[in-house]
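Student: Shown below is the structure under consideration.
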Amino acid sequence: MSKILLTAALACCATGFGQPLRDRADAHHVKIGTAVNPAALANEDYAKTLAREFNQVEPENAMKFGPIHPAAETYNFGPADQIVAFGREHKMAVRGHTLVWHNQTAPWVRELDPEHLAAAMHEHIKTVVGHYAGQVYAWDVVNEAFNDDGTPRKTVWSVNPGYIEQAFRWAHEADPKAILFYNDYSAEAMNPKSDAIYKMVSDFKQRGVPINGVGLQVHFTKKGQPIEQIEANIKRLTDLGLEVQYTELDIRLPVDDQGAASAEDLDIQAKMYGQLVAACLKFPKCTAIQLWGFTDRYSWIRGTYRGFGAGLPFDASYKPKPAYDAIAAALK
Ligand code: XIL
């Protein structure tokens, strides 16, 4: 091997990276995305890895109702704008998350009677979607509106019957070009919750309510969900003409006090990531594979699920884990 080639080879493999995930994903016409924490963008390793590997970003919290609309007359677009700017600079698509959800709402919303609540929801959607029109290509319009048994979740918003449909109509008015998603968890496989979602979105399609897709969050443990069932669910949704996207993929593992998982579990996790990516690629209308963060340094898992962590394809030092290789291989 010539000296130049050898140097090039070392440069490539000293970092452990071959072709970045985003280039592989482009070849499949699928987006590979991640949730982003604006505070982390100042970290050089974080920003470099993000720009190199992903072609889609979504604010992990910065566009939620509470953070972006903390008081009736106050909008705080700064942190989300930072993520949008990063995305544009690095030619990444930007997803918006989320307009109507029962968590992380602003306290002032909880004091409104149904009529004022509906008006606040309208104004919020109009302002936020309007602010990002032409920059955010897809919105999670309504998030987590069903219980696991398929019944509608009772929330601050559900006092207004028809609020889900109304939210989609108002989002479409605010940006007719944006594609609009219903997003939920534990609805990846065939079960009462995914059945209820299927029923709702079938009805929306039939009646011309502007909906374009269903987001599957995919927050899994190593137990996962049967992959054939996930494929069956993606099939029935895409057969309606809807897009499907994985929106919040992570696979949490039992970890020690240092946050380390066993080698065996990391391999199980890698296989699962590979299978999930391959399942999406089977369907032309499965259009994005988005992770809920990419490095174990910034992940909601350890703060939310005691004893769990290590859910993402890069470790806390930005080194790729077996999961990274499995995603790359599935996107070959
Ligand atoms: C989580 C964030 O990751 C945390 O930082 C925050 O404290 C709580 O919300 N489903 C969703 C996401 O739709 O918005 C949630 O994100 C995780 C579950």
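The values are calculated or read from the model by the stated rules, or taken from the named source; none is laboratory data. For clarity, every value in this text was computed on a predicted model and none was experimentally measured. Glycine gets a Cβ as well: all are built from the backbone with ideal geometry, and neighbour counts include every protein chain shown. These accessible areas exclude ligands, DNA and RNA; they are computed on the full protein's heavy atoms, side chains included. Shrake-Rupley method; radii C 1.70, N 1.55, O 1.52, S 1.80 Å.
Student: Being open to solvent by less than 10 Å² (accessible area, probe 1.4 Å) and within 16 Å of the ligand (Cβ to nearest atom) is the filter here, so list the residues in segment 92-122 that pass it.
Tutor: Across segment 92-122, the qualifying residues are VAL94, ARG95, GLY96, HIS97, THR98, LEU99, VAL100, ALA106.
Student: Give segment 41-67 a look and list any residue that's of a type in the set (Val, Ile, Thr) and over 29 Å from VAL142 (Cα atoms), or say none. If you could, list the steps in order and put the result at the bottom.
Tutor: Residues of segment 41-67 of a type in the set (Val, Ile, Thr): 49, 57.
Within segment 41-67, just THR49 meets the criteria.
Student: Something else about it: Please go through segment 321-332 and pick out each residue that is under 21 Å from ASP256 (Cβ atoms) and open to solvent by 40 Å² or more (accessible area, probe 1.4 Å).
Tutor: Of everything in segment 321-332, just one residue is under 21 Å from ASP256 (Cβ atoms) and open to solvent by 40 Å² or more (accessible area, probe 1.4 Å), namely PRO322.
A quick yes/no check of all residues on (1) closer than 19 Å to LEU312 by Cβ; (2) open to solvent by 10 Å² or more (accessible area, probe 1.4 Å); (3) aromatic (Phe, Trp, Tyr):
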residue: ARG207; (1), (2), (3): no, yes, no
residue: ASN212; (1), (2), (3): no, yes, no
residue: LEU216; (1), (2), (3): yes, no, no
residue: THR221; (1), (2), (3): yes, yes, no
residue: ASN233; (1), (2), (3): no, no, no
residue: GLY241; (1), (2), (3): no, yes, no
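Student: Can ALA80 be described as in a helix (DSSP H, G or I), within 16 Å of the ligand (Cβ to nearest atom) and either at pLDDT 95 or above or touching a His at 6+ places or on another chain (Cβ under 8 Å) (or both)? Write out each step before concluding.
Tutor: Numbers: in a helix (DSSP H, G or I): yes; within 16 Å of the ligand (Cβ to nearest atom): yes; either at pLDDT 95 or above or touching a His at 6+ places or on another chain (Cβ under 8 Å) (or both): yes.
So ALA80 fits the description; yes.
Student: Let me ask another. Within segment 139-174, restricting attention to residues that are in contact (Cβ under 8 Å) with a residue 60 or more places away in the chain and either more than 14 Å from the ligand (Cβ to nearest atom) or surrounded by fewer than 19 Cβ atoms within 10 Å (Cβ to Cβ) (or both), which residue is farthest from GLY208 (Cα to Cα)?
Tutor: TYR163
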